[in-house]
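Just below is one structure, and these are the notes that go with it.
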Amino acid sequence: MKFNHVLFIGPQNEKGGIGAVLETYRAEMEGFRMISTYPSDARTNKQIYFLKQLISILKLLITDEEIKILHIHCASRGSFIRKSMVAVLANTLGKKTIMHIHGGLFHRFYQSSRLMTFLVRSILRTCDRVICLTTEWSKTFRKELDLINLSVVLNPVRSYPFQPYRDSFTSITMLFLGTITDNKGIFELVNYLHSNPAYLQHKIKLIICGEGESDRLLSLINSENHVGKIFYAGWVNGVQKDELIAETDIFILPSHFEGLPMAILEAMSAGKPIISTSVGGIPSIVQPHHNGWLIEPGKINQLDSVIDQIFSEPAIISRYGFNSLTDAKKFHVNAIVSQLNTIYKELLTTD
């Protein structure tokens, strides 16, 4: 399939969730084209960068008649405002527009005031299609924003090499991939482990990967309570990330807010059981007694029963991991790209 007729709009930064999605598309879609509206370098003047990119989009849409669709990826706040301007420009030039909503706090963004709800609803209604990451989001947008132009498309991931499960174990390795911030629950997790008996007996190792409040994290894990049990690897990508996922036993993400985390999808695609929270789209992919465990956000002590079960039922890791691997097939990139292609064709045959 060729996608020369689609222009993707998103951030330049590949480290965020949207960037990871777009890079996965790029590797699979022949003729993939994208213009960024947000710079990866924090030193860059964001307003000037956006204006320059907006002009580039305008020039391309005027000169390249092959482009029929703008597939716009956005989150909340400034991201939505910038992408709304792109959508209005594309609509004015007669192009089809898709607004692809990311970000676990998008509902809080449009619920912040009546004016913001009105503005978000107005912009999304002008788009030919609004893509949600989960069925739950679609239902919420339909109810609260009165939208009918909705489609549900999961985030895509590539296939990962399958690693055989251990028959038995006396210790486990957990992996956290995400922004180092309170919203991701990582500091709660580290503090919780300080009092967990299995952790104190060196039965649990935690590897943390990501960027954010790294100095605060390092100060915490370098205390005598965590030396040799928690390892901070910083930002990882490519082969290094693949190796860490392959070597881990369980993926953990105790977030307070989420959309549909790429990290969970990647871990599932590698056949890993998941520990996470019942927020955003996570309950649609992580099911208790099937492929993982869900705790309530902020109630980290609920991990007590989870960890007790893991060590009392060693086979549960392989069983849940196999179920993750099976479930992950529905969001492998080739399946998602095929779904997008169907949406593109529908838009191009609609007056």
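Below 8 Å between Cα atoms, with a sequence gap of 6+, how large is the relative contact order for the chain in percent? Could you put the intermediate results ahead of the total?
Working: 609 pairs, mean separation 53.1, N = 351.
Answer for the chain is 15 percent.
Reducing region 201-217 and region 88-163 to their Cα centroids gives an inter-centroid distance of 33 Å. Each residue was assigned an accessible area with a 1.4 Å probe, and for Thr349 the value is about 110 Å². Residues of region 9-39 with backbone nitrogen within less than 14 Å of a virtual label 7 Å along the Cα-to-Cβ line of Ile48, please, listed as ranges. Hits in region 9-39 for Ile48 at 14 Å: 39.
Annotation: for a label point projected 7 angstrom from Cα along Cα→Cβ of Ala198, residues of region 283-306 with backbone N closer than 20 Å are 286-306. Using only C-alpha positions, report the orientation-averaged shadow area of the convex hull of the chain, nm², one decimal. So the mean shadow area of the Cα hull is 17.9 nm². Residue ranking by accessible heavy-atom surface, 1.4 Å probe, largest first, among Leu348, Leu150 comes out as Leu348, Leu150. Using a Gaussian network model of the chain in which every pair of alpha carbons under 10 angstrom is joined by a spring, one finds that among Gly178, Gly78, Gly321 the greatest mean-square fluctuation is at Gly78. A cut-off of 5 Å between modelled amide H atoms, ignoring neighbours fewer than 5 places along the same chain, links Phe8 with Arg33, Met34, Ile35, His71. Can you tell me how region 43-135 classifies by the Cα gyration tensor, rounded, prolate or oblate, using a/c under 1.5 as the rounded cut? Oblate, since a/c reaches 1.5 and b/c is not below a/b. Taking all protein chains together, Arg129, Arg33, Arg216 sort by accessible area into Arg216, Arg33, Arg129, largest first [probe 1.4 Å].
From the residues Ala328, Asn196, Ser113, which one has its Cα farthest along the dipole of the chain in the positive direction, the dipole being from +1 and -1 charges on Cβ of Lys/Arg and Asp/Glu about the Cα centre? Among Ala328, Asn196, Ser113, the one farthest towards the positive end of the dipole of the chain is Ser113. Note on Asp242: accessible area approximately 40 square angstrom, rounded to 10, probe 1.4 Å, nucleic acids and ligands left out.
Accessible surface of the chain, 1.4 Å probe: 52 percent of it comes from carbon and sulfur atoms. Quote the Stokes-Einstein diffusion coefficient, in whole µm² s⁻¹, for region 200-351, based on the Kirkwood radius over alpha carbon pairs, a temperature of 20 °C and a viscosity of 1.002 mPa s. The diffusion coefficient I find is 124 µm²/s.
The solvent-accessible area of Trp293, taken with every protein chain present and a 1.4 Å probe, is close to 20 Å². Rounded to the nearest 20, the Cβ-based charge dipole of region 248-337 about its Cα centre (Lys and Arg +1, Asp and Glu -1) stands at 280 debye. Computed extension gain for Ser312 through Ala233, at 0.36 nm per residue and net of the alpha carbon distance, reaches 25.5 nm.
The values are calculated or read from the model by the stated rules, or taken from the named source; none is laboratory data. Since this is a predicted model, take the numbers as computed values, not measurements. Cβ coordinates were reconstructed from backbone atoms using ideal geometry, including for glycine residues, and neighbour counts include every protein chain displayed. Surface accessibility is based on the protein's heavy atoms, side chains included, excluding ligands, DNA and RNA. Shrake-Rupley method; radii C 1.70, N 1.55, O 1.52, S 1.80 Å.
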